[in-house]
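Visitor: Okay, handing you the structure first.
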Amino acid sequence: MATRIFSGIQPTGQKHLGNYIGAIRQYVEGQDRGEAIYCVVDLHATTVPFDPAELRRSVHDTAAILLAAGLDPERCIFFRQGDVAEHTELCWLLSSVTAWGDLNRMHQWKDKRELLESRQGAFLSAGLFLYPVLQAADVLAYRANEVPVGDDQRQHIELMREIARRFNERFGGVGRDVLVVPEHRIPEVGARIMDLQRPDSKMATTGGTEQGTVLVLDEPEVVAKKFRSAVTDSGTEVRRGEGKEGIANLIEILAVVRSVAPEEIEREFEGSGYGDFKGAVAEAVVEYLAPVRERYAELRADEAALERTLAEGAEKARAIAAPVLADVREAMGVGPPR
Ligand code: ATP
Ligand code: MG
């Protein structure tokens, strides 16, 4: 059987280079490698304070970025999470085999909780706590084998695997697994793109610096300026190493954009100054993102077409998820017997 790949992406219109390199690039490649299923996770977005009209817009923004980046509805299943009710139903069913203590240990929960609590009066939803269960349901509803996401999702994928194992143990028969335990696929290069201004923390939608975060839809001049002002170190060598997180990050980025190993970049820029090197990275990234920006403008302008694409995708997704849910309900004794 072909490898089934699943990934969900947050509907933040502002996708950054880290998202592109760590995730989106892999989604596109996944279409050639297996049966690829991708969704824009509007339900996950409701776990932190949000605006309903803005949520709708962001789903369209994100869908247009993904399609512009190369997701092809003929070669993958691409839909909006909230259109397929199996995700939420499975989330509830899986919560019975998810340990409260495990959820309470998740770094993302702890970090976002802290962030929200530091903002006076910010509402901390139960949904934020359950986020990893919904994420597990997203993947397990399709019996996907592989989840291509960045290294920052390691803990959530581990929990998802544990949930699948526990479900099979508790509700599967001898030699009869109901759910597939998926593998985490982390990109070899670019799994963690760092903030250009704070190279010790990852480029991120929440909590990153504005100058240090390169957006996929940034104007070329803006991209160039962000790279020119990237924080480096007091040394002179274009090489990765202790205390050289800034330069190492730029090396990784250029390696990905050029599809070569980081070592090759180090060899090429031996003896070059930081200024020249940054210029080369900026130029390469601008060229890398330009076609995405152009296609995005076209796709985003036609909301009716975007909605049609998402609706067709949801129908295909449901066709896979519904029988899995039927098996889960049957195994758990929920609803009438089959
Ligand atoms: P947030 O700060 O709200 O968590 P984010 O910028 O981390 O947002 P996500 O929506 O959490 O973005 O992640 C989307 C995908 O991009 C995930 O697969 C994640 O692993 C990947 N990703 C996010 N940031 C980076 C990064 N700096 N480098 C590589 N991959 C990344
Ligand atoms: Mg994240």
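The values are calculated or read from the model by the stated rules, or taken from the named source; none is laboratory data. These numbers were taken from a predicted model, which means no experiment stands behind them. Heads up, the Cβs are rebuilt from the backbone with ideal geometry, glycines too, and the neighbour counts pull from every protein chain shown.
Visitor: Kindly list the number of the only condition in (1) in contact (Cβ under 8 Å) with a residue 40 or more places away in the chain; (2) within 19 Å of the chain's Cα centre (by Cα); (3) within 13 Å of ligand 1 (Cβ to nearest atom); (4) assigned to a helix (DSSP H, G or I) that fails for Val147.
Guide: Every listed condition holds for Val147 apart from (4).
Visitor: So how many residues does the stretch 268-281 have that are closer than 27 Å to Glu29 by Cβ and loosely packed, with under 12 Cβ neighbours inside 10 Å?
Guide: 0
Visitor: Then there is this: How about the stretch 233-270: which of its residues are outside any helix (DSSP H, G or I) and within 27 Å of the chain's Cα centre (by Cα)?
Guide: Scanning the stretch 233-270 gives Arg240, Lys244, Ser259, Val260, Ala261.
Visitor: Here's another thing I want to ask about it. Looking at the stretch 158-177, is at least one residue without any contact (Cβ under 8 Å) to a residue 40 or more places away in the chain, within 16 Å of ligand 1 (Cβ to nearest atom), assigned to a helix (DSSP H, G or I) and not charged (D, E, K, R)?
Guide: So far as the stretch 158-177 goes, yes, one or more of its residues are without any contact (Cβ under 8 Å) to a residue 40 or more places away in the chain, within 16 Å of ligand 1 (Cβ to nearest atom), assigned to a helix (DSSP H, G or I) and not charged (D, E, K, R).
Visitor: Out of the residues in the stretch 188-208 that are modelled with pLDDT under 95 and polar (S, T, N, Q), state the one that is farthest from ligand 2 (Cβ to nearest atom).
Guide: The qualifying residue farthest from ligand 2 (Cβ to nearest atom) is Ser201.
Visitor: Is it the case, given these coordinates, that Val133 is assigned by TED's automatic domain parsing to the domain that holds Gly18, modelled with pLDDT of 95 or more, surrounded by 14 or more Cβ atoms within 10 Å (Cβ to Cβ) and not in a loop (DSSP other than H, G, I, E, B)?
Guide: yes
Visitor: Okay, moving on. Does Val48 fit the bill of being under 23 Å from Val181 (Cβ atoms), among the hydrophobic types (A, V, I, L, M, F, W, C) and out of contact with any Gly (no Cβ under 6 Å at 6 or more places or on another chain)?
Guide: No, not satisfied.
Visitor: Go through the stretch 187-217 residue by residue and tally those that are on the phi > 0 side of the Ramachandran plot and buried (at least 19 other Cβ atoms within 10 Å of the Cβ).
Guide: Going through the stretch 187-217 one residue at a time, the tally reaches 1.
Visitor: Among the residues of the stretch 226-234, are any within 24 Å of Asp61 (Cα to Cα), modelled with pLDDT of 95 or more and more than 11 Å from ligand 1 (Cβ to nearest atom)?
Guide: Yes, that holds for at least one residue.
Visitor: I would also like to ask the following. May I ask you to list the residues in the stretch 28-55 that are surrounded by fewer than 23 Cβ atoms within 10 Å (Cβ to Cβ) and among the aromatic types (Phe, Trp, Tyr)?
Guide: Across the stretch 28-55, the qualifying residue is only Phe50.
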